[in-house]
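Down below is the structure, laid out as structure tokens.
The values are calculated or read from the model by the stated rules, or taken from the named source; none is laboratory data. Note that the structure is predicted; figures quoted are calculated from it, not measured. Positions of Cβ are backbone-derived with ideal geometry, glycine not excepted, and every protein chain shown enters the neighbour counts.
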Amino acid sequence: MEGLLEGNEDAIRSLYSRFGRPVFSMGMRLLGSREAAEELTQDVFLTAWRKAARFDPARGRLSTWLMTIAHNLAVDRLRRETGVTRPTLVLVDEVPDAPCVDEEEGVMERDAAVRALGCLSDAERNLLTRAYFRGLTAREIAESDHIPLGTVKTRLRAALIKVRKANEDKEPS
Amino acid sequence: MSCTAVRDRLAERALGLLDASDRQSVDRHLVWCAACRRESDGLQGAAGSLAFAAASVEPDPALEEKVLATLRRELTAGRPGTPRRGRLAVAAVLAAMLALSGLGWGAVMAGRAARLEERVRQAGQRQIESIDKVQTIFEELEFADGLASAGPLSAVGGGIEGGAGMTVTSGSIRDVVIVLVSGLGAEGAPFRVELADHQGTVLDVGRIRKLDIDGGATLIQRFAEELEGFRRVVVRDAAGAIVLQGVLDSDAGLASPTPSPAPAPAPGQ
């Protein structure tokens, strides 16, 4: 991160090699086109550079921090573009993924994410997917499913806590 | 916004679903509330890990060069850079100061109040107002090269008085002094706040003329002078007697404040 902050090209390349692909993939899934995903990727690394000083490893992993930036930018864009067709989400367990031998960490992250989602019930997985990958607000989900807003909030929180627990369990002791 | 209201929104915040106004209110709370921040970090970590569940799509190899070109353009545009350590120190120190701004709870919970409920409300209001003021400065410093020094202020007589002081020195903005006090007796007002260097030069930071019902106040002052080296903060009462004093440390000395710890906030705060 020091290198990123100083604009060190090797540091930026290193960060891109680790996270360029997952960031671009998120852009594809949320925004639905390669052009939009490329713009998002550029915005994410620019934002990461601008905010590098705020990254605190004591509060979370670098991957989480960067992907949170990516997600927030993507959702913001999704909401700005009124009338946008929300793309259909494809999760890794539904699509054969090309092996990526030079991104071992990325593979581990994906495995962990799939494992965590596997700990959820179908209803919980569906709920998180609609919220996180399609940017549907709790209110939109409540109206769509004809259930109280408070129930949606409670279920979202419970599902995230399950994911957190699953992530903690896979961490080496 | 209370802890209850914030926690009601943390899952939505982690999933990026809050509108800008709600998010700003929640983020403001998270700056000073360590318990909610821990909860938020956990949920944010869980949400962030979901990102990797999307099927991987290979970007165009040329994208890497586009990303680098974008950053090069920014670098050559001369956007002000900031030493990481300095910026992190500012963030850490401000968070610690905001936590200390809750020292008023000490007096509230000590049961000195005739009308406890009203004092709780006022102390909470004071805390929010202090946070708003410091938050404004914090946002300005995010883009400045500020280097912070901070430290707790201790009561000379061993009473319930307490506080915190901080200076931020910068080459691009006017230097800032922030002093938070709590538990002072109104009979000692007005209080004079001084900042001194090791050579004995004393700067008059300002007067605290009015205390809230909990004996607290926030003093924020900007200086045209360079404040580097001014580390000793003294608060004197109207008679000139020192009631609070402390030494500011450039290594974020507020991480472990020495005054007696404030009791946990009441539920809902």
> Residues in the stretch A:124-132: is at least one modelled with pLDDT of 85 or more, surrounded by 15 or more Cβ atoms within 10 Å (Cβ to Cβ) and of a type in the set (Ser, Thr, Tyr)?
Replying inline: yes
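Residue by residue, here is whether (1) outside the structural domain of residue B:36 (by TED's automatic domain parsing); (2) among the β-branched types (Val, Ile, Thr); (3) surrounded by fewer than 16 Cβ atoms within 10 Å (Cβ to Cβ); (4) at pLDDT 85 or above holds:
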| residue | (1), (2), (3), (4) |
| --- | --- |
| B:171 | yes, no, yes, no |
| B:214 | yes, no, no, no |
| B:224 | yes, no, yes, no |
| B:229 | yes, no, yes, no |
| B:237 | yes, no, no, yes |
| B:248 | yes, no, no, no |
| B:269 | yes, no, no, no |
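Let's see how each residue does on (1) in a helix (DSSP H, G or I); (2) more than 17 Å from residue A:110 (Cβ to Cβ); (3) under 10 Å from the mean Cα position of the chain (by Cα):
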residue: A:15; (1), (2), (3): yes, yes, no
residue: A:18; (1), (2), (3): yes, no, no
residue: A:25; (1), (2), (3): yes, no, yes
residue: A:40; (1), (2), (3): yes, yes, no
residue: A:46; (1), (2), (3): yes, yes, no
residue: A:49; (1), (2), (3): yes, yes, no
residue: A:63; (1), (2), (3): yes, no, yes
residue: A:69; (1), (2), (3): yes, yes, yes
residue: A:72; (1), (2), (3): yes, yes, yes
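Can you tell which of B:40, B:49, B:21, B:56 is part of a helix (DSSP H, G or I), among the polar types (S, T, N, Q) and facing chain A (nearest Cβ under 7 Å)? Break it down stepwise before answering.
On the way: B:40 fails: facing chain A (nearest Cβ under 7 Å); B:21 fails: facing chain A (nearest Cβ under 7 Å); B:56 fails: part of a helix (DSSP H, G or I).
From the options B:40, B:49, B:21, B:56, the qualifying one is B:49.
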